[in-house]
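Here is the structure we will look at, set down as structure tokens.
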Amino acid sequence: MIKSGFFERNLKYIFPLPALIFVIALMVFPVVYTLILSFSEWTLTSGRPITFAGFSSYLKILKEPRFLDAVGRTFYFTVGAVAAEAVLGIIIALILNREFRGKNGLKFILLLPLVATPVAVGIVFNLFYDPTIGFLNYVLSLFHLPQSGWVTDSATVLPSLMAVDVWQWTPMIALIVLAGLAGLSSEPYESAKVDGASSSQIFFRITLPMITPTILTAVILRAVDALKTYDIIYAMTGGGPGYASETLNILAYKYSFEYFNLGQASSILVFLFLLVLLFSLGVMRLRKRFEL
Amino acid sequence: MKKVFVVLLVVSLSFVLFAQGQTESAQQEIRVLLANHPYGELLKESIGEFEEQTGIKVNVESLQESQLTQKLTTEFATGSSTVDVFMTRPLQEGLLFNKNGWYAPLDSYDFSDYPGNTVDIGRKDGTPFIVPLVTEWQVMYYRKDLFEAAGIDVPTNFEELEAAAKALNKDGVAGFGSRGKGAAAVTQLSSYIYNYGGRYLEDNIAVFDSPEAVEAIRYYGKLLGNYGPQGVVSMSWENLMPVFQAGKLAMWTDASVFYGQVVDPAKTQIPAEDVGVAQLPRGPVDDSPFIVVSWGMAMSSKTKNTEAAMKFLEWATSKSLAIEGMKSNITMARNSAWADESVRAMMNPGLIETQAHAAMNGYPFDRPFMSAVGQARDLIGEIVIESINTKGMSPKLQSLATEKAKAVNDLLKADGEYGMK
């Protein structure tokens, strides 16, 4: 009976064990392993075994213009897409916060992009964007407007990709903000009306400050996700034309699965990981300040 | 109650752990990885026959070509592979796989029905590791009706090619198309470089910064920049084919393997009789299109079912299947498949002629043959894109080529392949 006694005494450790093993195996281990790889030299094309290489992967990657460009693009994509999503999302939420006919139908339609598979979305948008046989240039030609290269032109590829991201993820921000709006109490509005505030004053002085924490939450969630965007970009352009839409995630993918340079790929991923981490911590601190 | 629960938990956990050891069954099973390639499709349809004949169960997975390379590499590199037989691209991954010892030697295979140079690509220290499946060479698909309407002949040299591209580039139809998407363009650009008298590598040293090669890249960029479809710098074959099929492209140079798909009546608006297949026009120096083994088949060195795997390999590369492949316009590597009369009667004469020309005069590589070929193709792709974007006029094309050739040489050095003969 000693054995069962042991189990009885340690049940509080034994029961969470599966969850703990799960977290360690599937979350902690990959991060730690990537960290180890980032300090190693492991290129499959050389046929040599893995060796410890210190910071050399990081030094190499920091000197690589493609990496620095990718960092810039990652920020450009994230800021551009999330800013547009936030503005559009808030406007949509404000509209949906009123009572009108067909509101539920509209809400339902708004949800559809959220549940679409990104790769399928990418393929469909590529058909729209195709410069020769695509729909968008056809529409432009009907109005005798100049045509665009969309995702095939290095000048327009990132805005075109951002548009897809905006199409897919604006509804998410709209829904979160809508939930925030629904939770607001009506008292401040009533007193503002009594005091004779204009509707723009009411929006900027009352509504906006009250839902700012909600908006920030939505923006953090989106921004963390946008920094890591991979599926839409890979499905639509693969980082091209040239390297014109190569973000950090795409670059890391190329280094690992096309160049088989796992050391350098890991150092890019560690950098991206730190970037996302620092960003989240920064915004969380900001949010705390707003809530005070 | 608690005790019962704990015991159940422990038992179920250990069951999961030990269950793996019990899956060994009496029936032989092999795992086969195929490419999403017309020949891969053909094999998949016929595998039932093989299973019936041999009683070996075949688990097939089909993957797009670059994903296939990635999956194989990841599985082999991590030592966790259960793959027995797989389709492989000798020029893309052959060196990498051979270097790491992932192919099993195929000494017992009968290679007598294959052209010697197609087998040599897959040799290491004299031992063959890859059975050649499909060969492809560069051809020019063109619209017979458009040439007739314009009253011009099919070009036979690069000057005529440019003149034809210019003449046919009108009414919403692009005069000339070829891959412009950086790395993907490298294989199709290769024949242009050869016809200008250049090479990617010579004795495993990058030489694509030679005046001949740079002139070829300039010419390629001039044609595509001036007469190519819009957005050509993002286009590989999968983007060019629909444009050709929609009737918006007059000439298209790409691999011979696409003919069957180009004229597939379910996908094209252009009737097959309006589609011609011609050889790539000759260049100022040479007339030497690439002709390569684009696909082969190999056995994993880690296979535990050597006998069954070998049986499958022999069946999948058999003469009868090769003939079936030829009849669906797949250009097979076996000599006997080309000699077969029933095949010759069915094939597009343009394919037979261009194959004969390429087999006689062609060059057996369409890309730099090195382990780090993926990265090298991206580097060369940068020059291609610069050339197309400037319509071949870029003043820095030579300096860019010099810079990228140095980068490719650095890769060769890092992998210990630089200057090897």
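The values are calculated or read from the model by the stated rules, or taken from the named source; none is laboratory data. Owing to the predicted nature of the structure, the values given are computational and were not obtained by experimental measurement. Reconstructed Cβ throughout: ideal geometry from the backbone, glycine too, with neighbour counts over all protein chains shown. Surface areas here come from the heavy atoms of the whole protein model, side chains and all, with no ligands, DNA or RNA. Shrake-Rupley method; radii C 1.70, N 1.55, O 1.52, S 1.80 Å.
For the reader, a short list of remarks on this structure follows.
- Residue check, B:K44 more than 14 Å from chain A (Cβ to nearest Cβ), among the basic types (K, R) and in a helix (DSSP H, G or I): yes
- Residue selection: B:L223 fails the criterion of being open to solvent by less than 50 Å² (accessible area, probe 1.4 Å), among the hydrophobic types (A, V, I, L, M, F, W, C) and within 20 Å of B:I291 (Cα to Cα).
- Taking first residues from the stretch B:218-240 that are within 13 Å of another protein chain (Cβ to nearest Cβ) and in contact (Cβ under 8 Å) with a residue 40 or more places away in the chain and partners that are open to solvent by less than 10 Å² (accessible area, probe 1.4 Å) and acidic (D, E), the Cβ contacts under 8 Å between residues at least 6 apart in sequence or on separate chains come to B:L240/B:D254.
- Sole residue being open to solvent by less than 60 Å² (accessible area, probe 1.4 Å), touching a strand residue (DSSP E or B) at 6+ places or on another chain (Cβ under 7 Å) and in a helix (DSSP H, G or I), chosen from A:Y189, A:Y255: A:Y255
- Look at (1) charged (D, E, K, R); (2) touching a Pro at 6+ places or on another chain (Cβ under 7 Å); (3) within 14 Å of another protein chain (Cβ to nearest Cβ) and you find that B:D171 fails only one, number (2).
- The residues of the stretch B:320-330 that are β-branched (V, I, T) and modelled with pLDDT of 90 or more amount to a single one, B:I323.
- The stretch B:69-90: number of residues that are under 27 Å from B:G126 (Cβ atoms), within 16 Å of the chain's Cα centre (by Cα) and within 14 Å of chain A (Cβ to nearest Cβ): 2
- Considering residues of the stretch B:75-90 that are open to solvent by 10 Å² or more (accessible area, probe 1.4 Å) and in a helix (DSSP H, G or I) only, the residue modelled with the lowest pLDDT: B:A77
- Filtering the stretch B:365-395 to residues that are open to solvent by 40 Å² or more (accessible area, probe 1.4 Å) and away from every other protein chain (no Cβ under 14 Å) leaves B:F365, B:K391, B:M393, B:P395.
- Positions within the stretch A:235-250 being within 11 Å of chain B (Cβ to nearest Cβ) and on the phi < 0 side of the Ramachandran plot, in sequence order: A:M236, A:T237, A:G240, A:P241, A:Y243, A:A244, A:S245, A:E246
- For the stretch B:396-421, the set of residues classified as among the small types (G, A, S), surrounded by fewer than 20 Cβ atoms within 10 Å (Cβ to Cβ) and more than 9 Å from every other protein chain (Cβ to nearest Cβ) consists of B:S399, B:A407, B:G419, listed by residue number.
- Residues that are among the β-branched types (V, I, T) and either within 12 Å of chain B (Cβ to nearest Cβ) or part of a loop (DSSP other than H, G, I, E, B) (or both) within the stretch A:1-41 comprise A:I14, A:I21, listed in sequence order.
- Members of the stretch B:174-196 found to be outside any helix (DSSP H, G or I) and either within 14 Å of another protein chain (Cβ to nearest Cβ) or of a type in the set (G, A, S) (or both), listed by number: B:A174, B:G175, B:F176, B:G177, B:S178, B:R179, B:G180, B:K181
- Given (1) open to solvent by 10 Å² or more (accessible area, probe 1.4 Å); (2) within 14 Å of another protein chain (Cβ to nearest Cβ); (3) modelled with pLDDT of 90 or more; (4) over 23 Å from B:E382 (Cβ atoms), index of the condition B:W252 fails: (1)
- Taking the stretch B:339-365 as the range and being in contact (Cβ under 8 Å) with a residue 60 or more places away in the chain and under 16 Å from B:P281 (Cα atoms) as the test, the residues that pass are B:G350, B:L351, B:E353, B:T354, B:Q355, B:H357, B:A358, B:A359, B:N361, B:G362, B:Y363.
- The listed residue being open to solvent by 30 Å² or more (accessible area, probe 1.4 Å), at pLDDT 90 or above and among the acidic types (D, E), out of A:D231, A:D195: A:D231
- Some residue of the stretch B:140-163 being assigned by TED's automatic domain parsing to the domain that holds B:V85 and over 30 Å from A:L44 (Cα atoms): no
- Just one of the listed residues (B:V243, B:V257) is modelled with pLDDT under 95, within 14 Å of chain A (Cβ to nearest Cβ), in contact with a Pro (Cβ under 8 Å, 6 or more places away or on another chain) and part of a helix (DSSP H, G or I), namely B:V243.
- The residues in the stretch B:269-289 that are open to solvent by 60 Å² or more (accessible area, probe 1.4 Å) and in a strand (DSSP E or B) can be counted, and the count is 2.
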